[in-house]
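Quick notes on the structure that follows.
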Amino acid sequence: MSSLAPGASRPRLSGLRIDPSVALVVAGCVVIVLGAGMVSPGVLSLGYLLQQLQIAAIVGILATGAMLVILLGQIDLSVPLTITGTAIVSTSLAGSGNPLLETLAIPAGLLGGTLIGTINGLGVAIFRIPAMVWTLAVNAMLLGMTVFYTGGFKPHGAPPPLAVLMAHGRFAGIPNAFLLWLLVGAATTFMLKRTVFGTYIYAMGQSQRALFLAGAPIGRTTVAVFALAGFLSSLGGLLLTGYANQAYQGMGDAYLMPVIAAVVIGGTSILGGSGTYLGTFVGALFMTLLSSILSLLQMPDAARQIIFGGIILGMLLVHRSRRAA
Amino acid sequence: MAPLIELTAVSKSYGGVPALTDVSLTVEPGAVHAILGENGAGKSTLMKLLAGVIAPETGTIAIDGQVQRFATPRDAARCGIVCMFQELSLMPHLSVGDNMLIGDGGAALALIRRGSRRAARAVLDRVGGQHIAMATRIADLPLADRQLVEIAKAIGRKPRLLILDEATSALTAERVETVFAVIRALRDAGCAVLFISHRMYEIDAVADRISIFRNGRHIETFAAGTRSHDAMISLMIGQSLKELFPPRRDPPPVSTPPILSVRDLRWAPHLNGVDLDVRPGEIVGLGGLDGQGQQHLMHAIFGILRRTSGTVTLEGKTLTDLTPGRAKTRRIGLALVPEDRKTEGLILDMTIADNLRLAGLSRKPFGLANATDATDAAIAKLIERLGLTYGRLSDPVKTLSGGNQQKVVLAKWLALGPRCLLLMDPTRGIDVKTKAQIYRLLQDLAGEGLAIVLQSTDYEELIHLCHRINVFYKGRVVRELSGAEATPDALIAASLNVSAEAA
């Protein structure tokens, strides 16, 4: 069974154990980088690797939200249009020419994402609709709304300057985006490991019934997790807006798969209740490196999707056999 | 006559808990064989073995002298064994006719012949279901009619061994008599019938032979009418384990106002107007057959059930809109040890420490899980007091034995300092030593002034631990037993809703 690291005075759910899946993913990252380095030595440069961290931050922040929902034993399929919706709202406001609206661009985008998440949470917690169906329907409705709003054309507007600064800027040579991701990661790790809320998240993924009978607020926890996930999706969406310097239809579509893959590859159980943030962190790095290197090798997008899907299935099988053992 | 079925030294256990131990039993054709036993005596396991739902771990089942190993219920059906289970197995959205014809052994792709429909109709008429139309959806039928369809479906298979597990529980006496006439006709035609019922008068009416089971063992088999009801009940219960139970403390004086009062609590169809009073320092038992509303009452008090009617008052204050989260607050001070330790009481993959702290997390300052508070000290004391045996607190709770797991559940709730403790079958599947520890703890807690409601399927436990026992039948308290009148016989009689004199 699980063994705690020596000196851990207080046993925790996720513990300080060295997760084999984390080690596996880290090894995977190293293999990818070294392998690609042999084909094109530029990969091994510091500049290239820092750029990867910058891109990984977007996947990483999105994966943070997805992980929280998956820990509950649920899933959020509204991530793509939460990203696109946030981007459209904030670029519209930031490009409106009205100084007041321009300052509201980022708060409004984040608020919108949080609102979408709250709606997701209410559907799951109060109406007891399976998240897979509810969030998919919310995603479809958001798609309709964005098409209605933009008329199907590229939306007008400009990216909020702060989003551009966060996405492209550097502090002491380190990409701001990566620093933001570290901040989000540290806060999430603290929340999961040290707060009652975090304990409830894990416990709920294990046995909602037992947690309910222990007198924990099941409904509030569910809504809060979905709302937080919505917030993080829009934060990732803002970063993407800044990175792309624009909003466009379908900008979030390419992210659903890699984000869920990052969480699952990092060892979080798709059934909920177990997983570490460190796993999600390295999972996001792995997915980003894989994607970048496949495109560096001029792999067509279709082949990339097949490889992504294959890796997710493979990792699920690895985790399954590990649990069964 | 040669036996139709012969079980030899059959044993079966679930996760290390024995359900049947070394059972040998013969069933002869042309006889109705009743199986009697308390809840958990192994009756249902026996039926499932015969029906091929589960396989024995040791021992053999022989049919017509040939040893058989059933891999699936289909194998058993091929040998002419037809089982009607307690839980209805009809498909609610199909018609009566479709349900009766489904799975009758024909090839899956064969057309349904008109002849089989006519035969199904005839069987349904025979068991007294003339008023049921073949095209009616099962979901639209009342429970009694569904049972008739189920019985007709079983009989329509032309069984050699018909197993009826509480098959007539929802039928009125008149309908039961019609069904019994059919059963007797089947018996006279050479069919063997295994009959499980809690109703003594049904056993009297239809059984030729009777076998008593207790704690997974076959105790005795005898011809019907050779033993009195008292003798049969004694065999079902066995000798009491006097040394298991600590001496009972005196109940609080009757003048003590109750801390918890329930009035006319209803939750159709499971609770039909329940009254209950519990005083500080009192242990009140909830008894009766399984599923007569005891469990629902506990859930209703703890705020798990929605839309109950009636009132629950605590120290004179009416509790409304209760949820488990509110029920456990200091202001109210209720605690519930749920029925199923493994899925409701504990989160098995979490550590012992986390399970111990789970209920108390809501009281942590600033929502910080690691902040120490009074609950942690209480948990440490309770670990001592309960004698919890564990390796490390960081081990998953599933590594503990059943008894120690239950101690974790108890400690988790007692750490909150409740004023009223609701216990649902707290000693089910627990070793005798731990049972004795828990009994002593409960007596001590009552002595300290805690009000305890104990729901149990173990009659001995109720009789030796409780000051008063409320016996449930069909969602109501039919009798309250206390003091000298709380005897096993009286308890069983009350559970079966017959008066003690008649039983």
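Summary table
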item: Estimated dipole of the range B:5-237 in Debye, rounded to 20 [Cβ of Lys and Arg +1, of Asp and Glu -1, Cα centre]; result: 800 debye
item: Directionally averaged shadow of chain B, computed from the convex hull of its alpha-carbon atoms, nm²; result: 26.1 nm²
item: Proximal aspartates and glutamates to B:LYS12, defined as alpha-carbon separation beneath 13 angstrom and excluding residues fewer than eight positions away on the same chain; result: B:ASP22, B:GLU57
item: Cubic angstrom per residue, convex hull over Cα atoms of the range B:346-417; result: 78 Å³
item: Distance (nanometres) between label positions extended 7 Å along Cα→Cβ at B:ALA55 and A:LYS154; result: 6.7 nm
item: Unit charges on C-beta of K, R, D, E only; dipole of the range B:346-417, Debye; result: 140 debye
item: Helix runs (DSSP H) in chain B reaching 30 Å along axis by Cα, Kyte-Doolittle at least -1.0; result: none
item: Cβ-based charge dipole, chain B, positive-most Cα from B:HIS229, B:LEU322, B:GLN406; result: B:LEU322
item: Segment B:ARG227-B:ARG117, extension gain: residue separation times 0.36 nm, minus the distance between their alpha carbons; result: 35.2 nm
item: Listed residues A:VAL138, A:VAL22, A:VAL31, most fluctuating in chain A (Gaussian network, C-alpha, under 10 Å); result: A:VAL31
item: Mean Cα-pair separation over length for the range B:346-417, i.e. relative contact order, pairs under 8 Å, 6 or more apart, %; result: 50 percent
item: A:VAL26-B:ALA2 pseudo-label distance in nm [points 7 Å out on the Cα-to-Cβ vector]; result: 7.1 nm
item: Hydrodynamic radius (Kirkwood) for the range A:159-203, which is based on Cα pairs only, to one decimal in Å; result: 12.0 Å
item: Calculated FRET value between B:LYS398 and B:GLU177, using beta carbons and R₀ = 60 Å, to 0.05; result: 0.75
item: Under the span-like rule (Cα at least 27 Å along the axis, Kyte-Doolittle mean at least -0.5), DSSP H helices of chain A; result: A:20-39, A:46-71, A:99-125, A:131-150, A:218-244, A:277-296, A:301-324
item: Debye-sum result for the range A:52-253 in log10 I(q)/I(0), which assumes one identical scatterer on each alpha carbon, at q = 0.09, 0.16, 0.18 Å⁻¹; result: -0.34, -0.99, -1.17
item: Under 5 Å, built H, 5+ apart or other chain: amide partners of B:MET350; result: B:VAL397
item: FRET E, pair A:ILE129, B:SER13, Förster distance 35 Å, beta-carbon r, rounded to 0.05; result: 0.30
item: Cα lying deepest toward the dipole's positive end in the range B:5-237, options B:HIS131, B:GLY37, B:SER95, charges on Cβ; result: B:SER95
item: Scaled radius of gyration (Cα, divided by 2.2 N^0.38 Å) that the protein assembly as shown gives; result: 1.14
item: Residue-averaged [θ]222 nm for chain B, counting only DSSP H segments that reach four residues, each worth -39500 (n - 2.57); result: -9000 deg cm²/dmol
item: Semi-axes of the equivalent ellipsoid for the range B:326-372, Cα gyration tensor, largest first, Å; result: 20, 17, 6
item: Pairwise FRET efficiency - A:ALA302 versus A:ALA186, Cβ, R0 = 35 Å, nearest 0.05; result: 0.40
item: Cα coordinate range in the range B:5-237, projected on the principal axes (Å, largest first); result: 47, 38, 33
item: Residues with amide H under 5 Å from that of B:GLY273, placed H, sequence gap 5 or more; result: B:LEU265, B:ARG266, B:TRP267
item: Antiparallel DSSP beta bridges within the range B:5-237, percent to nearest 5; result: 55 percent
item: Kirkwood-type radius of the range A:286-325, with distances r between different C-alpha atoms, in Å; result: 11.1 Å
item: Size of electric dipole in the protein assembly as shown: Cβ of Lys, Arg +1 and of Asp, Glu -1, about Cα centre, debye, nearest 20; result: 1160 debye
item: Computed lengthening from B:LYS317 to B:GLU28, 0.36 nm per intervening residue step minus Cα-Cα distance; result: 97.9 nm
item: Gain in span if fully extended, B:THR487 to B:ILE219, counting 0.36 nm per residue against the direct Cα distance; result: 94.3 nm
item: Cα-Cα over 20 Å, subset of A:LYS193/B:LYS328; A:LYS193/B:LYS364; B:LYS43/B:LYS398; result: A:LYS193/B:LYS328; B:LYS43/B:LYS398
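Read-outs throughout are calculated quantities, based only on the coordinates presented, and are distinct from any laboratory measurement. The model shown is predicted, which means the values in this text are computed figures rather than measured ones. Note that each Cβ is placed from the backbone with ideal geometry, even for glycine, and that neighbours are counted across all protein chains shown.
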